[in-house]
1. Quick one: which residues, 5+ away or cross-chain, put their amide H under 5 Å from the amide H of residue 257? H built at 1.01 Å from N.
2. For residue 285 and residue 69, what is the calculated FRET efficiency with R₀ set at 30 Å and r taken between the beta-carbons, to the nearest 0.05?
3. If you fit an axis through the alpha-carbon atoms of helix 11-22 and take the longest principal axis of the Cα set of the chain, what angle between them do you get, 0 to 90°, nearest 10?
4. In terms of modelled amide H atoms, which long-range or inter-chain residues lie less than 5 Å from the amide H of residue 160?
5. Which three extents, in angstrom, do the Cα atoms of the chain have along their principal axes, listed largest first?
6. Label 7 Å along Cα→Cβ of residue 105; region 199-217 residues with amide nitrogen under 20 Å?
7. Roughly how many nanometres apart are two label points built 7 Å out from the Cα toward the Cβ at residue 33 and residue 96?
8. Can you give the FRET efficiency to the nearest 0.05 for residue 49 and residue 136, using r as the Cβ-Cβ distance and R₀ = 35 Å?
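The values are calculated or read from the model by the stated rules, or taken from the named source; none is laboratory data. Nothing here was measured: the structure is a model prediction, and the numbers come from that model. We place every Cβ from the backbone using ideal geometry, glycine too, and count neighbours over all the protein chains shown. The area values use the complete protein model at the heavy-atom level, side chains included, leaving out ligands, DNA and RNA. Shrake-Rupley method; radii C 1.70, N 1.55, O 1.52, S 1.80 Å.
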Amino acid sequence: MARIAVIGAGTGAMAAAARLAVAGHRVTVYERTETYGGAVRRLERDGFAFDTGPGLLPLPAVYRDLFVKTGKEPLEDCVDLVQVDPAARHVFADGTEVSLPNASRAGVVTALDEALGSGAGQRWGDFLVRAREAWDRTRRPLLEEPLWPNWSVLAEREPYPAVPHKRLLRTRTAATLAEVGTWELRDPRLATLLESHALAYGLDPRTAPASAAVLPYIEHAFGVWYVRGGLRELARAVYERCLARRVEFVFGAEVVRIVEKDGRATGLEFTGGASQASGLEGGGVAEADFVVAGVAPGTLSSFVGHRLPGAHQ
């Protein structure tokens, strides 16, 4: 059994903590704020509650797997999942409007043909078939398997398949999502529809890799879901699952450095401004055998000057 320190109490960090605890490790999560959830927060005012982070859940299978692997209660026993229909309503610059049904390729094709003209739905459907190829190439190594020792090879290989050119004996490789829209969809409104999926995740379609085409495919294949009560309810369920697995949480504990010795992580150092509630008032060091960083890479770089074998992002 190893002592594992987790930096941050976002949903991804808590999911890792729950899985590590089930594997028999002693896990402590250190969070600089006074609550869990990371970006999945809730604002309450005048009797109303508002999600301040994402509002929809596009891939519930990830959380279903987490709850199956970390306890007897499945996800649906912990939160109320509702499939959203229609999945989205789009209003284009020329005034055209279209509502797309949830998880129905035939319905989406029909809706696009009616709104954008005959053939628009077929072009979008053909694009989704190719986007599925990118999904099939990335799903297992990125979501279902441990990172390979040479995982950077995957990052260097563009998984989005090249487009066969009709007149030349060669293929065209789209480097960005914007190029996919221009070359394959041939309608600025369809290209805008494609790019809206990247923009929703804070990505720039002009620089996002072509493999980001998996985003609309995921929505098409697995549907768009809403957690009744808001996505904060999902964060609550993951937090409670961690507590059930005896994961410890220390709130008000701001990490300033990952302590290392002989090239390995050996603990965390905290700011002198850590709250009294955290038990680390005045700063201090918490020892650990491994450190899991559930924070953005840019934030992680401020904790360490170089990558440590015992610190995992």
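1. Amide H to amide H, under 5 Å and 5 or more residues apart or across chains, residue 257 pairs with 269.
2. Rounded to the nearest 0.05, the efficiency is 0.40.
3. Once rounded, the angle reads 60 degrees.
4. 211
5. For the chain, the Cα spread along each principal axis is 66, 52, 36 Å.
6. The answer is 211-217, whose backbone nitrogens lie closer than 20 Å to the label point.
7. Label-label distance for residue 33 and residue 96, simple model: 4.0 nm.
8. Numbers: r = 39 Å, r/R0 = 1.12.
Using R0 = 35 Å, I get an efficiency of 0.35.
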